[in-house]
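To start, the structure under review is shown below, and the notes come after it.
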Amino acid sequence: MLNFDKIRKKNICLVGMMGSGKSIIAKELSKYFKIQHLDSDTEIEKNAGKSINLLFKDYGEKIFRDLEMEVCTKLLTNENCIISLGGGSICNSKIRELIKKYSYSIYLKVNLGTLEKRLKHNFKRPLLKNVNKKQKLEEIYREREKYYNRANLIIDNEDKQKSIKKIIEILKT
């Protein structure tokens with residue numbers, strides 16, 4: 001059982017780079033702890049009625065980030081749930097404040113070589129379109145690393161099952 005009083009937060013949120021496994025691991029944790037899983041990217045797509053790729057294409061990154069802030073603001077005040085946040089949401093100072101106030105944050109850290117392999121054939125990532133993926137991932141990581149490293153818990157997620165097991169061990173009462 002997950003004891004939110006013990007961690008002194010309303011919810012758990014997973015942060016990390018695109019491709020780090022936030023959504024997959026959050027789903028597994030929500031099943032294990034029998035609590036709701038919320039995904040910011042899924043909620044953004046529901047609210048906008050279109051994919052994140054189309055949002056970027058039709059309106060640009062600024063409008064997407066505005067929608068992301070709206071959605072994350074709502075999600076992060078929920079109780080007794082696990083939230084997977086989009087990789088770039090951590091760059092927003094308001095979102096970081098809400099994470100700190102309401103969430104026990106878990107950073108899923110993955111080395112850039114692994115991320116590059118995981119995302120090599122993925123065409124759903126607008127920030128990686130028509131660019132050198134390796135260079136872009138390095139640039140994004142350098143920009144976000146200082147925020148990710150402020151998480152309550154940092155998990156090296158090179159192996160999904162080991163990561164899930166370790167998180168469960170830490171969060172179980």
Any chance the stretch 38-48 includes a residue that's more than 24 Å from LYS136 (Cβ to Cβ), in contact (Cβ under 8 Å) with a residue 24 or more places away in the chain, of a type outside the set (Val, Ile, Thr) and touching a helix residue (DSSP H, G or I) at 6+ places or on another chain (Cβ under 6 Å)? yes
In the stretch 79-98, residue surrounded by the fewest Cβ atoms within 10 Å (Cβ to Cβ) [restricted to those that are in a helix (DSSP H, G or I) and in contact with a Phe, Trp or Tyr (Cβ under 9 Å, 6 or more places away or on another chain)]: CYS91
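Check the stretch 129-143 and report whether any residue there is basic (Lys, Arg) and under 12 Å from SER20 (Cβ atoms).
no
If I ask for residues that are assigned to a loop (DSSP other than H, G, I, E, B) and open to solvent by 10 Å² or more (accessible area, probe 1.4 Å), which ones from the stretch 13-30 would you list? Please lay out each step first, then the result.
Taking the stretch 13-30 as the starting set, the residues that turn out to be assigned to a loop (DSSP other than H, G, I, E, B) are 16-21.
Within the stretch 13-30, MET18, GLY19, GLY21 qualify.
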For LEU115, are the conditions met, namely being modelled with pLDDT under 85, of a type in the set (A, V, I, L, M, F, W, C) and surrounded by fewer than 18 Cβ atoms within 10 Å (Cβ to Cβ)? no
Being open to solvent by less than 80 Å² (accessible area, probe 1.4 Å), farther than 18 Å from GLY86 by Cα and hydroxyl-bearing (Ser, Thr, Tyr) is the filter here, so list the residues in the stretch 127-173 that pass it. SER163
Failed item in (1) more than 23 Å from PHE33 (Cβ to Cβ); (2) assigned to a helix (DSSP H, G or I); (3) among the aliphatic types (A, V, I, L, M), with VAL71 passing the rest: (1)
Quick one: would you say LEU115 is farther than 26 Å from ALA48 by Cα, part of a strand (DSSP E or B) and out of contact with any Pro (no Cβ under 6 Å at 6 or more places or on another chain)? no
Give me the pairs: first residue in the stretch 136-164 and hydroxyl-bearing (Ser, Thr, Tyr), second residue modelled with pLDDT of 95 or more and in a helix (DSSP H, G or I), beta-carbon distance under 6 Å, and six or more apart or on different chains, which are they? TYR147/ILE90
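For the structure I just gave you, tell me whether SER23 is in contact with an Asp or Glu (Cβ under 9 Å, 6 or more places away or on another chain), within 20 Å of LEU153 (Cα to Cα) and of a type outside the set (Lys, Arg).
Numbers: in contact with an Asp or Glu (Cβ under 9 Å, 6 or more places away or on another chain): yes; within 20 Å of LEU153 (Cα to Cα): yes; of a type outside the set (Lys, Arg): yes.
Judged against the criteria, SER23 is a match.
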Could you list, in sequence order, all residues of the stretch 31-43 that are under 24 Å from LYS109 (Cβ atoms) and either outside any helix (DSSP H, G or I) or not acidic (Asp, Glu) (or both)? LYS31, TYR32, PHE33, ILE35, HIS37, LEU38, ASP39, SER40, THR42
Name the single residue, out of those in the stretch 31-65 being open to solvent by 80 Å² or more (accessible area, probe 1.4 Å) and among the basic types (Lys, Arg), that is nearest to LEU75 (Cα to Cα). LYS46
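The values are calculated or read from the model by the stated rules, or taken from the named source; none is laboratory data. Keep in mind that this is a model prediction, so the values were computed, not measured. Glycine also receives a Cβ, built like all others from the backbone with ideal geometry; neighbour counts cover every protein chain displayed. Remember, those area values only see protein heavy atoms, side chains included, never the ligands or the DNA or RNA. Shrake-Rupley method; radii C 1.70, N 1.55, O 1.52, S 1.80 Å.
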